[in-house]
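The values are calculated or read from the model by the stated rules, or taken from the named source; none is laboratory data. These numbers come from a predicted model, not from an experiment. Cβ placement follows ideal geometry from the backbone for every residue including glycine, while neighbour counts extend to all protein chains displayed.
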Amino acid sequence: MKRLAFGNTSLLFLLSALACLTVADIAVTALNPWGEMLRLLRGVLRPDFLSVEAWSVVWTVAFAVVGVAIGATAGLPLAILFPRFAGVRLAAVVLRSIHELFWALMLIQVFGLGPATGVLAIAIPYAGIFAKVFAEIIEEADLAAERVLPAGTTAVSAFAFARLPEVAGRFKTYTLYRLECGLRSTLVLGFIGLPTVGFHLEGYFKQGRYAEAAALLAVFYVLIGTRRLWARPTTVPILLVASLLLLPEAVGGGSALANLVRFITHDIVPAPLRGGDLGSLATWGAFAGWLQPIAWNQVLPGAWNTLVLAQIALVGMGTLALLLFPLVSRRFMGRVGQPAGRLLLVVMRSTPEYMLAYVLLQLLGPSMLPAILALTVHNGAIVGYLMGRHADALDYRADAPKGLNLYAYDTTPRLYGQFLAYNLYRWEIIVRESAIFGILGVATLGYHVDAAISELRFDVAVVLILATVAVCALIDILSRRLRKALRLSTLATRLADAPA
Amino acid sequence: MLTTVKRSILALAAMSALTAGYALAQQATLVFTAIPDEDETRLVERFTQYAKYFEGKLGVPVKYLPVKSYPAAVTAFTNNQVQFAWFGGLTGVQARLAVPGSQALAQGEEDQQFKSYFIAHVSTGLKLSQEFPKGIEGKTFTFGARASTSGRLFPEHFIRQAMGKDPEKVFARIGYSGDHSRTIQLVQSGAYQVGVLNHLVWEQEVKSGKVDTKAVSVIWETPTYPDYHWVARGDIDTSFGSGFMGRLQAAILAVDDPKLLAIFDRKRFIPANNDDYKVIEDVGKVTGLIN
């Protein structure tokens with residue numbers, strides 16, 4: 001067998017995506033979408049900025065800042081334990097494989113619609129992500145200082161004096177970058193009822209009030225686009241205190257403790273086991289009878305659809321990124337063109353995939369296609385942006401070619417390994433995101449989670465969410481192996497690590 | 001290291017602030033919600049008028065909690081985040097099953113005899129008929145919200161009765177639009193060929209000129225069934241004083257301001273009790289939506 005190389009790996013992914021396309025449900029069925037699209041266009045051209053609810057913007061920032069801060073704080077000790085305990089690694093995988101939206105749907109059962117749900121829905125999955133990334137940063141750090149420590153230095157001191165100074169800078173950059181993701185996640189939480197920008201955005205979109213929606217989105221783009229200006233190490237304390245003070249207050253009563261007890265001891269306990277005699281075979285027979293149709297009718301087809309959708313979106317993302325990256329490279333676009341390209345890519349990556357998919361649903365009709373395109377655009381813009389930064393960081397010969405020749409014979413081949421590393425890294429992310437598109441009527445795992453929650457069957461929802469965790473973990477392992485086999489393990493995979 | 005320490009202290013502060021927020025929220029504010037079944041952009045504005053009305057009648061602070069989905073309304077009720085709510089038939093039953101002792105208090109006059117409209121895109125060639133339109137077989141079809149009574153439960157029941165099989169087997173594709181207004185939008189654009197929704201929302205949107213009746217029209221009216229109603233938690237008297245549930249019911253029944261009634265698109269509210277919704281529980285069990 002031939003060794004895996006960049007070329008045949010790419011071909012393998014391309015072929016698998018083509019195979020998926022033949023079985024995917026991608027029929028175009030909309031008959032007359034243009035009326036709605038015209039209204040959309042008219043709205044986008046005349047954004048109504050007066051309608052923007054200022055508090056929803058404030059709360060979006062506040063939830064993101066507090067959520068990311070708690071996530072980073074909890075992630076750090078986990079990161080230190082990460083290489084030593086398999087249990088910690090497993091916990092981190094579970095925490096981060098569950099989408100924020102699913103976390104929020106579960107947390108609402110305990111904390112209700114309120115600040116605690118919003119903050120924890122960000123903090124919990126982000127703690128898992130921070131644990132992994134901080135652990136990677138620590139592992140990659142230069143250990144020279146540790147070697148000269150006197151014998152008998154405690155682990156804590158060794159970490160604080162020999163390792164932390166090495167890695168603190170990268171922790172900082174990464175945490176601040178993560179705030180951008182936090183803002184996007186917080187927006188999405190609005191779709192299920194938290195009072196962020198997404199709350200109003202979803203309502204406006206549903207009602208076809210596109211002028212209001214466009215204004216709100218524009219404000220959100222500015223928020224993301226200027227993140228480097230307002231979220232700096234020096235402003236973090238102010239941001240944190242202000243966010244804590246400004247978080248919306250909880251509305252309504254109910255005891256979180258009582259809800260938690262009910263949720264754990266009743267709601268998520270599989271229905272046949274509730275109050276059943278756990279020693280009796282009949283109970284477990286009933287349990288098997290309960291589990292089997294869930295596995296057969298929901299988990300398996302849901303996981304299959306999730307993977308098919310993700311595979312096509314992954315290759316779509318790669319293709320789009322290759323096309324887009326020159327737009328954000330100064331070498332290709334020059335001093336004037338590059339900022340314009342940057343703006344375009346900020347807009348592409350900050351538009352929530354869910355919104356994109358909803359517009360495309362009107363345009364193309366219900367199928368996997370809107371979800372595929374939405375994932376492609378969002379993730380393609382992210383990878384394209386990163387590649388563009390790498391393209392400018394390369395050393396070019398004085399007589400380097402220009403234009404298409406530069407692109408095809410110089411930049412792209414030299415960046416190809418980096419390109420594959422990004423793609424493989426985002427594979428798992430795409431799988432996790434495609435799970436939630438079920439809410440649009442694509443029968444991914446998320447579709448069945450949505451159904452289970454509508455029927456208030458949280459026991460079924462938990463089984464399905466655990467299935468998404470398993471699928472994500474599987475892809476994560478596969479991606480890691482591939483990166484190792486392709487000798488890409490040492491390349492940058494995170495946004496915060498791309499050259500400035 | 002310092003920033004980390006600072007960060008953990010602030011995180012702790014955050015947690016305690018959140019907990020304190022919860023403790024404060026325990027004081028007796030009466031909170032209610034309503035399922036978001038149509039145009040939700042003005043819900044807060046509209047229901048705040050009801051909060052004021054109830055405050056005047058009941059003498060306790062009243063707040064409205066906006067939610068984004070039907071199950072979120074039920075969850076808020078189950079969690080005691082809200083003490084009473086305007087539910088659809090199915091969500092009301094779900095809520096009462098989750099909180100034993102809860103009571104249906106009142107319904108709109110129209111809710112005793114509620115019905116759904118099946119609507120179709122003009123390109124399907126389907127026309128208004130008296131009988132169940134069997135021609136919808138093989139088309140793409142959208143329900144409303146998954147837990148909607150008029151957008152899902154009864155339509156699904158009638159489809160099963162007429163066609164003798166699951167909706168999944170009747171249609172080429174099934175979607176859940178999320179609410180009644182969106183169902184109209186999706187069928188009107190042709191994204192789905194056929195859909196079903198609450199008859200009041202259809203009539204209201206046609207009246208306000210939001211529907212292109214050349215592109216989409218009603219093809220069948222379902223038989224009637226009971227639907228929307230107000231439900232209160234069984235422990236509302238323990239939290240707000242004995243006899244509170246009765247006072248709340250009286251306050252709802254006494255709504256006579258046309259502006260307030262227009263918010264629900266109802267003529268008036270009439271008393272309701274749990275038995276009125278027995279049929280929903282039965283149909284819910286048959287369709288597998290309720291355990």
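Could you give every pair whose Cβ atoms fall below 6 Å, whose first residue belongs to the range B:160-183 and is under 19 Å from B:GLY284 (Cα atoms), and whose second residue is surrounded by fewer than 19 Cβ atoms within 10 Å (Cβ to Cβ) and among the aromatic types (Phe, Trp, Tyr), counting only separations of at least 6 or pairs across chains?
B:ALA162/B:PHE132
Does any residue of the range A:93-103 turn out to be within 13 Å of chain B (Cβ to nearest Cβ) and either under 29 Å from A:GLY225 (Cα atoms) or touching a strand residue (DSSP E or B) at 6+ places or on another chain (Cβ under 8 Å) (or both)? First the steps, then the outcome.
Taking the range A:93-103 and keeping what is within 13 Å of chain B (Cβ to nearest Cβ), we get A:101.
Cutting the leftovers down to either under 29 Å from A:GLY225 (Cα atoms) or touching a strand residue (DSSP E or B) at 6+ places or on another chain (Cβ under 8 Å) (or both) gives us A:101.
The answer is yes, given that some residue of the range A:93-103 is within 13 Å of chain B (Cβ to nearest Cβ) and either under 29 Å from A:GLY225 (Cα atoms) or touching a strand residue (DSSP E or B) at 6+ places or on another chain (Cβ under 8 Å) (or both).
Restricting to the range A:464-481, give me the number of residues that are surrounded by fewer than 21 Cβ atoms within 10 Å (Cβ to Cβ) and within 21 Å of B:ASN291 (Cα to Cα).
0
Within the range B:68-82, track down each residue that is facing chain A (nearest Cβ under 7 Å), closer than 16 Å to A:ALA452 by Cβ and part of a helix (DSSP H, G or I). First the steps, then the outcome.
Going through the range B:68-82, the residues facing chain A (nearest Cβ under 7 Å) turn out to be B:68-72, B:74-76, B:79-82.
With closer than 16 Å to A:ALA452 by Cβ added as a condition, the list becomes B:69-72, B:74-75.
Passing the criteria: B:TYR70, B:PRO71, B:ALA72, B:VAL74, B:THR75.
Each row is one residue, and each column tells you yes or no for (1) among the acidic types (Asp, Glu); (2) within 22 Å of B:VAL82 (Cβ to Cβ); (3) modelled with pLDDT of 90 or more.
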site: A:ALA242; (1), (2), (3): no, no, yes
site: A:LEU246; (1), (2), (3): no, no, yes
site: A:GLU249; (1), (2), (3): yes, yes, no
site: A:GLY253; (1), (2), (3): no, yes, no
site: A:THR265; (1), (2), (3): no, no, yes
site: A:ASP277; (1), (2), (3): yes, no, no
site: A:THR283; (1), (2), (3): no, no, yes
site: A:ILE294; (1), (2), (3): no, no, yes
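Under the condition of being within 14 Å of chain B (Cβ to nearest Cβ) and small (Gly, Ala, Ser), which residue from the range A:192-218 is nearest to the chain's Cα centre (by Cα)? Spell out how you get there, then give the answer.
Filtering the range A:192-218 down to residues within 14 Å of chain B (Cβ to nearest Cβ) leaves A:192-213, A:215-216.
This time we only want the ones that are small (Gly, Ala, Ser), so: A:193, A:198, A:203, A:208, A:211, A:213, A:215.
Working: A:GLY193: 19, A:GLY198: 16, A:GLY203: 23, A:GLY208: 27, A:ALA211: 27, A:ALA213: 22, A:ALA215: 24 Å.
Only one residue fits best here, namely A:GLY198.
Could you pull out the residue among B:SER150, B:SER181 that is within 25 Å of B:LYS278 (Cβ to Cβ) and not basic (Lys, Arg)? Spell out the reasoning first.
On the way: B:SER181 fails: within 25 Å of B:LYS278 (Cβ to Cβ).
None of the others qualify; the one that does is B:SER150.
So the check is Cβ under 6 Å with 6+ separation or different chains; which pairs have a first residue in the range A:355-372 that's within 11 Å of chain B (Cβ to nearest Cβ) and within 19 Å of A:ALA214 (Cβ to Cβ) and a second one that's assigned to a helix (DSSP H, G or I) and modelled with pLDDT of 85 or more?
So the pair list comes out as A:LEU360/A:PRO370; A:LEU360/A:LEU373; A:LEU361/A:PRO370.
Going by what's in this entry, would A:TYR221 be described as in a helix (DSSP H, G or I), aromatic (Phe, Trp, Tyr), away from every other protein chain (no Cβ under 14 Å) and touching a residue at least 24 places away in the same chain (Cβ under 8 Å)?
Working: in a helix (DSSP H, G or I): yes; aromatic (Phe, Trp, Tyr): yes; away from every other protein chain (no Cβ under 14 Å): yes; touching a residue at least 24 places away in the same chain (Cβ under 8 Å): yes.
The answer is yes for A:TYR221.
I'd like to check something: does the range A:125-143 contain any residue that is among the hydrophobic types (A, V, I, L, M, F, W, C), assigned by TED's automatic domain parsing to the domain that holds A:GLY190 and within 30 Å of A:ALA258 (Cβ to Cβ)?
Narrowing the range A:125-143 to residues among the hydrophobic types (A, V, I, L, M, F, W, C): A:127, A:129-131, A:133-135, A:137-138, A:141, A:143.
Subset that is assigned by TED's automatic domain parsing to the domain that holds A:GLY190: A:127, A:129-131, A:133-135, A:137-138, A:141, A:143.
This time we only want the ones that are within 30 Å of A:ALA258 (Cβ to Cβ), so: A:127.
Yes, the conditions are met somewhere in the range A:125-143.
Would you check which residues across the range B:231-250 are outside any loop (DSSP other than H, G, I, E, B) and among the charged types (D, E, K, R) and list them?
First pass over the range B:231-250, keeping only residues outside any loop (DSSP other than H, G, I, E, B): B:231-232, B:236-240, B:244-250.
B:ASP237, B:ARG247 - these are the residues of the range B:231-250 that are outside any loop (DSSP other than H, G, I, E, B) and among the charged types (D, E, K, R).
Inspect the range A:323-332 for any residue being surrounded by fewer than 16 Cβ atoms within 10 Å (Cβ to Cβ), closer than 30 Å to A:ALA17 by Cβ and of a type in the set (A, V, I, L, M) and give the result as yes or no.
Yes, the range A:323-332 contains a residue that is surrounded by fewer than 16 Cβ atoms within 10 Å (Cβ to Cβ), closer than 30 Å to A:ALA17 by Cβ and of a type in the set (A, V, I, L, M).
Out of all the residues in the range A:430-473, which are of a type in the set (D, E, K, R) and away from every other protein chain (no Cβ under 14 Å)? Don't jump to the end; show me each part of the working.
Our first condition is that a residue be of a type in the set (D, E, K, R); within the range A:430-473, this holds for A:432-433, A:450, A:455, A:457, A:459.
Passing the criteria: A:ARG432, A:GLU433.
Scan the range A:270-295 and report the pairs whose first residue is free of Cβ contacts under 8 Å to residues at least 12 places away in the same chain and whose second residue is of a type in the set (Asp, Glu), with Cβ atoms within less than 7 Å and a gap of 6+ or a chain change.
Cβ pairs passing all conditions: A:THR283/A:ASP277.
If the requirement is being not acidic (Asp, Glu) and not in a helix (DSSP H, G or I), which of these qualifies: A:PRO77, A:PRO83?
Numbers: A:PRO77 fails: not in a helix (DSSP H, G or I).
Exactly one residue qualifies, and that residue is A:PRO83.
Would you kindly identify the strands (runs of 3 or more DSSP E) lying entirely within the range B:136-202 that contain at least 1 residues that are farther than 21 Å from B:PRO226 by Cα and either among the basic types (Lys, Arg) or out of contact with any helix residue (DSSP H, G or I) (no Cβ under 9 Å at 6 or more places or on another chain) (or both)?
Values: elements: B:140-143, B:173-176, B:194-198.
Fully inside the range B:136-202 and qualifying: B:140-143, B:173-176.
With the requirement that a residue be among the hydrophobic types (A, V, I, L, M, F, W, C) and farther than 19 Å from A:MET317 by Cα, what does the range A:378-426 give you? So that I can check it myself, show each step before the final result.
Going through the range A:378-426, the residues among the hydrophobic types (A, V, I, L, M, F, W, C) turn out to be A:381-383, A:386-387, A:391, A:393-394, A:398, A:400, A:404, A:406, A:408, A:415, A:419-421, A:424.
Within the range A:378-426, A:ALA393, A:LEU394, A:ALA398, A:ALA400, A:LEU404, A:LEU406 meet the criteria.
Restricting the range A:245-265 to residues that are at the interface with another protein chain (Cβ under 8 Å from one of its Cβ atoms) and touching a residue at least 40 places away in the same chain (Cβ under 8 Å), which is nearest to the chain's Cα centre (by Cα)?
A:LEU247
Which of the residues belonging to the range A:133-167 are basic (Lys, Arg) and closer than 17 Å to A:LEU81 by Cα? Steps first, please.
Initial filter on the range A:133-167 (basic (Lys, Arg)): A:147, A:163.
Listed by number, the list holds a single entry, A:ARG163.
Looking only at the range B:134-179, count every residue that is within 14 Å of chain A (Cβ to nearest Cβ), charged (D, E, K, R) and surrounded by fewer than 16 Cβ atoms within 10 Å (Cβ to Cβ) and tell me the total. Walk me through how you get there before you give the answer.
To start, the set of residues in the range B:134-179 that are within 14 Å of chain A (Cβ to nearest Cβ) comprises B:138-149, B:151-153, B:156, B:166-169, B:171-179.
If we keep only those that are charged (D, E, K, R) too, we end up with B:139, B:146, B:152, B:156, B:166, B:168-169, B:173, B:179.
Narrowing the set further to residues that are surrounded by fewer than 16 Cβ atoms within 10 Å (Cβ to Cβ) leaves B:166, B:168-169.
Adding up the residues that qualify gives 3.
Please determine whether any residue of the range B:205-224 is basic (Lys, Arg) and either assigned to a strand (DSSP E or B) or touching a strand residue (DSSP E or B) at 6+ places or on another chain (Cβ under 8 Å) (or both). Walk me through it before giving the result.
Of the residues in the range B:205-224, the ones basic (Lys, Arg) are B:207, B:210, B:214.
Those left that are additionally either assigned to a strand (DSSP E or B) or touching a strand residue (DSSP E or B) at 6+ places or on another chain (Cβ under 8 Å) (or both): none.
Checked against the condition, which is being basic (Lys, Arg) and either assigned to a strand (DSSP E or B) or touching a strand residue (DSSP E or B) at 6+ places or on another chain (Cβ under 8 Å) (or both), the range B:205-224 yields no hits at all.
So which residues in the range B:28-67 are of a type outside the set (Asp, Glu), in contact with a helix residue (DSSP H, G or I) (Cβ under 7 Å, 6 or more places away or on another chain) and at the interface with chain A (Cβ under 10 Å from one of its Cβ atoms), if there are any at all? First the steps, then the outcome.
Keep residues of the range B:28-67 that are of a type outside the set (Asp, Glu), which gives B:28-36, B:41-44, B:46-54, B:56-67.
Adding the requirement that they be in contact with a helix residue (DSSP H, G or I) (Cβ under 7 Å, 6 or more places away or on another chain) leaves B:28, B:30, B:33-36, B:41, B:46, B:49-50, B:53-54, B:57-58, B:60-67.
Selection gives B:ALA28, B:LEU30, B:THR33, B:PRO36, B:THR41, B:LYS63, B:TYR64, B:LEU65, B:PRO66, B:VAL67.
Would you say A:LEU440 is modelled with pLDDT under 90 and buried (at least 24 other Cβ atoms within 10 Å of the Cβ)? Walk me through it before giving the result.
Numbers: modelled with pLDDT under 90: yes; buried (at least 24 other Cβ atoms within 10 Å of the Cβ): yes.
It is true that A:LEU440 is modelled with pLDDT under 90 and buried (at least 24 other Cβ atoms within 10 Å of the Cβ).
Give the range B:251-280 a look and list any residue that's under 16 Å from the mean Cα position of the chain (by Cα) and part of a helix (DSSP H, G or I), or say none.
Initially, the range B:251-280 is screened for residues under 16 Å from the mean Cα position of the chain (by Cα), giving B:263-266, B:277, B:280.
Across the range B:251-280, the qualifying residues are B:ILE263, B:PHE264, B:TYR277, B:ILE280.
Residue-by-condition table, conditions (1) assigned to a helix (DSSP H, G or I); (2) touching a Pro at 6+ places or on another chain (Cβ under 9 Å); (3) loosely packed, with under 15 Cβ neighbours inside 10 Å; (4) not assigned by TED's automatic domain parsing to the domain that holds A:LEU183:
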{"position": "A:PRO237", "(1), (2), (3), (4)": "yes, no, yes, no"}
{"position": "A:VAL241", "(1), (2), (3), (4)": "yes, no, yes, no"}
{"position": "A:LEU244", "(1), (2), (3), (4)": "yes, no, no, no"}
{"position": "A:LEU257", "(1), (2), (3), (4)": "yes, no, yes, yes"}
{"position": "A:ASP277", "(1), (2), (3), (4)": "no, no, yes, yes"}
{"position": "A:ILE294", "(1), (2), (3), (4)": "yes, no, no, yes"}
{"position": "A:GLN298", "(1), (2), (3), (4)": "yes, no, no, yes"}
{"position": "A:PRO301", "(1), (2), (3), (4)": "yes, no, no, yes"}
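Checking the conditions here, which among B:THR287, B:THR213 is within 14 Å of chain A (Cβ to nearest Cβ), closer than 28 Å to A:PHE458 by Cα and not aromatic (Phe, Trp, Tyr)?
B:THR287
Here are some conditions: (1) closer than 19 Å to B:LEU197 by Cβ; (2) at pLDDT 95 or above; (3) surrounded by 17 or more Cβ atoms within 10 Å (Cβ to Cβ); (4) out of contact with any helix residue (DSSP H, G or I) (no Cβ under 6 Å at 6 or more places or on another chain). B:GLN103 meets all but one. Which one does it not meet?
Exception for B:GLN103: condition (1).
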